[in-house]
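*Asks:* The structure that follows is given in the form of C-alpha cells.
Derivation of every value follows stated rules applied to the coordinates shown; laboratory data play no part. Treat the numbers as computed from the prediction; the structure is a model and nothing was measured. Cβ: placed from backbone, ideal geometry, glycine included. Neighbour counts: every protein chain shown.
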Amino acid sequence: MNPPWFKEAWELSHIVKYSHERLREIAEFGLGQTQSSGLLIEIETIGAEGLRYRSRLPQALSGWVSVGSYSVSDIKDTSGAGDWCTAGLLNALATKGAVGLARTNQSELQAALENAQALAAWNCRFEGARGGMYHYTRAKLSAAVKRIVRGATSSSSVDVDGVVKHSEDLTELCHACNEQRQLGEGPHQPIGN
C-alpha cells in the first residue's frame with residue numbers, strides 16, 4: 001500500500017468501507033478519525049456482527065451507528081458477501097451522484113445499509129461470489145431482500161418462482177451477460193457448475 005496515494009484516495013472519496021481486520025493499517029495512516037472534506041460516509045464491517053458507520057451527511061446522526069447482520073441458516077459460501085453489500089449500498093445511495101448522496105437523510109442511509117446487509121446475507125446461501133444471481137430475477141431478489149429485512153431468515157426467503165434458468169433475466173443483474181446475449185454468445189455460466 002502506498003501511503004500518500006492511499007491517503008489521497010481516502011480524502012477524495014465520498015464513501016469508504018473497510019473491514020475491521022484492516023483497522024490497524026488505517027489507524028497507522030491517521031485516517032480512521034479524520035473528517036476529510038470529501039468523506040461523507042465511513043463504514044467499518046465487523047464480520048458476523050454486521051457493520052458500523054459514521055456520517056458527515058447534514059441530515060444524519062453523528063458518531064458511530066451499528067447495523068446488525070442478518071441470520072443465515074444455510075450458509076453455503078461467504079465469498080462476495082462484502083461486494084454484494086457494497087453494490088447494494090451504492091445502488092441505493094450513489095445512483096443520483098454526489099449531489100444526491102449529500103441529500104441523503106438518516107432514515108434513507110439506515111435503510112440502505114440494512115438492505116445492503118440483507119443482500120450480503122442472501123448471497124451467502126449460494127456457492128461462489130455471484131452464485132445467487134444465476135437463480136433470481138431482479139424482482140425476486142428484491143422481494144427476498146425485503147423479507148430478510150422484515151425478519152425472515154435467508155432460508156425462509158426461498159421462492160421457487162424466483163429460480164430462473166441461466167438464459168432468463170440475467171441481463172437485469174449482469175452487464176456482461178447482456179453484452180454476451182447481444183453478441184449471441186449466451187450468459188455466463190455459474191461458478192463451480
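*Asks:* Roughly how many nanometres apart are two label points built 7 Å out from the Cα toward the Cβ at residue 8 and residue 111?
*Replies:* According to this spin-label approximation, the distance is 3.9 nm.
*Asks:* Kindly write out, for the stretch 94-104 in residue order, the coupling ³J(HN,Hα) from the Karplus curve 6.51 cos²θ - 1.76 cosθ + 1.60 (θ = phi - 60°), rounded to whole Hz, with x marking Gly and Pro.
*Replies:* 9, 5, 9, x, 5, 5, x, 4, 5, 8, 5
*Asks:* Counting only the backbone N, which residues of the stretch 42-76 are under 18 Å from the spot 7 Å out from the Cα of residue 96 toward its beta-carbon?
*Replies:* 56-61
*Asks:* If you take the beta carbon distance between residue 149 and residue 87 as r and set R0 to 22 Å, what does 1/(1 + (r/R0)^6) give as a FRET efficiency, to the nearest 0.05?
*Replies:* Step by step, r from the Cβ atoms, then E = 0.85.
*Asks:* Measure off 7 Å from each Cα along the Cα-to-Cβ vector at residue 19 and residue 66, then give the distance between these two points in nanometres to one decimal.
*Replies:* A separation of 2.1 nm, rounded to one decimal place.
*Asks:* Over the Cα atoms of the stretch 87-144, what is the Rg over Rh ratio if Rh follows Kirkwood?
*Replies:* Value, to two decimals: 1.04.
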